[in-house]
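A.B. asks: First the structure, then my questions, so here it is.
Rule-based calculations on the coordinates, nothing more; no lab input. Everything quoted here is computed from the prediction, not taken from an experiment. We place every Cβ from the backbone using ideal geometry, glycine too, and count neighbours over all the protein chains shown.
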Amino acid sequence: MINNKYTLLNKIGEGSFGSIYKAVNCRTREEVAIKVERIEFGANLLKNESTIYQYLLGTSGIPQVKWYGKDEENYYMVIPLLGKSLDQLLKDKLVFSLKLVYQIGIQILYLLKSLHEKGLVHRDIKPDNFLLGNNSKQLFLIDFGLCKTYIKDEKHVVMKQSKGLIGSLTYCSIHAHQHMELSRRDDLESLGYMLTYFSLGNLPWREINFLENKDVDIIQLKREINDTIVVPTILKEYMRYVKTLNFEEEPKYELLVNTFRNEIDKL
């Protein structure tokens, strides 16, 4: 029993610093998701994440935190129980239609635009972090443990080296591999790899053994992805544009959205 209100049912996910459980509110019978982080790890990611959720309260496509607290062993954060992730949906379907890929791209571009307008970059854009709402086709963005502001004292932060790779090896930007500070362009680059993955059903670098420090090989494959004939032209153009963005440059979200919409009309 958590907070004298929520009963844990079963584990539905796990990350580097904690686990996610399906739970039920004993008073209302509402099903929720509870993220649990052990205090002894000292990461304190969950507290930061809950603060970001509160800051984004009312933003479309961002779940609302129902409760945050702790006991002697763990931190807890309660959010609504959502549907399947895009990663789970892809495993069910094996491959998405191009129309669906572009529709997903449009929704996520709007989500990222809203997040960026709040002065934040997500820094961990991947299929696992986009969930369908229950009984709806709306996508929700979750997991803000690595989220960070790119505005300080009303100015854009400066480019600098980071302590290590931030995000997922499969979907992170080339700048992330190079341990550079991430900005809006990097969220969009990660989205590009996601959409390419959805359209192809795979990515060339997914088979590389990450344990053998193959960063150089992965970077090269990510640079060469536009040379792959089977990648849809529209996604090649998207990646070409995103990779030309400067560190502080604001992406042209509406231009990208309209490009996808025009492609849907052609289909």
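A.B. asks: To test your reading of the geometry: what angle, between 0 and 90 degrees and rounded to tens, separates the Cα axis of helix 233-242 from the longest principal axis of the chain?
C.D. replies: 70
A.B. asks: Where does the charge balance sit around GLN54 when Lys and Arg score +1, Asp and Glu -1, over other residues with C-beta under 15 Å from its C-beta?
C.D. replies: Values: positive: LYS35, LYS47, LYS66, LYS118; negative: GLU49.
Residues near GLN54 contribute +3 overall.
A.B. asks: I want the local charge near ASP143. Using Cβ-Cβ distances under 14 Å, sum +1 for each Lys or Arg and -1 for each Asp or Glu among the other residues. Kindly include the intermediate steps, with their values, before the conclusion.
C.D. replies: On the way: positive: LYS35, ARG123, LYS126, LYS148; negative: GLU14, GLU37, GLU49, ASP87, ASP124, ASP128, ASP187.
With Lys, Arg at +1 and Asp, Glu at -1, the net is -3.
A.B. asks: Remind me, relative contact order of the stretch 86-266 in percent, using alpha carbon pairs under 8 angstrom and six or more residues apart? Write out the running numbers ahead of the final one.
C.D. replies: Numbers: 224 pairs, mean separation 46.8, N = 181.
Normalised by residue count, the contact order of the stretch 86-266 is 26 percent.
A.B. asks: By how many nm would the segment from ASP92 to ASN48 grow when fully extended, if each residue of separation counts as 0.36 nm and the alpha-carbon distance is taken off?
C.D. replies: Numbers: separation 44, 0.36 × 44 = 15.84 nm, distance 3.31 nm.
Value of the extension gain: 12.5 nm.
A.B. asks: In degrees, nearest 10, range 0 to 90: what is the angle between the Cα axis of helix 215-224 and the longest Cα principal axis of the chain?
C.D. replies: Approximately 50 degrees, to the nearest ten.
A.B. asks: Next question. With label points built 7 Å along Cα→Cβ from the Cα atoms of PHE41 and LYS84, find their separation and express it in nm.
C.D. replies: 2.7
A.B. asks: Compute the separation of the alpha-carbon centres of the stretch 218-256 and the stretch 102-154 and state it in Å as a whole number.
C.D. replies: If we compute the Cα centre of each part, the gap is 18 Å.
A.B. asks: Kindly provide the helix-only [θ] at 222 nm of the chain, computed as the sum of -39,500 (n - 2.57) over DSSP H runs of four or more divided by all residues, to the nearest 500 deg cm²/dmol?
C.D. replies: Values: 8 runs with 94 residues, N = 267.
Helix contribution divided over all residues of the chain: -11000 deg cm²/dmol.
A.B. asks: While we're looking at this one, here's another question. Can you give me the angle between helix 253-266 and the longest principal axis of the chain, using Cα atoms only, in degrees from 0 to 90, rounded to the nearest 10?
C.D. replies: So the helix axis and the longest Cα principal axis differ by about 70 degrees.
A.B. asks: Please compute the net charge surrounding TYR171, taking Lys and Arg as +1 and Asp and Glu as -1 over other residues with Cβ under 12 Å from its Cβ. Mind showing how you got there, number by number?
C.D. replies: Working: positive: ARG123, LYS126, ARG206, LYS222; negative: ASP87, ASP124, ASP128, ASP186, ASP187, GLU189.
Local net charge: -2.
A.B. asks: What's the center-to-center distance, using Cα atoms, between the stretch 176-190 and the stretch 49-95 in Å?
C.D. replies: Between the Cα centres of the stretch 176-190 and the stretch 49-95 lies a distance of 23 Å.
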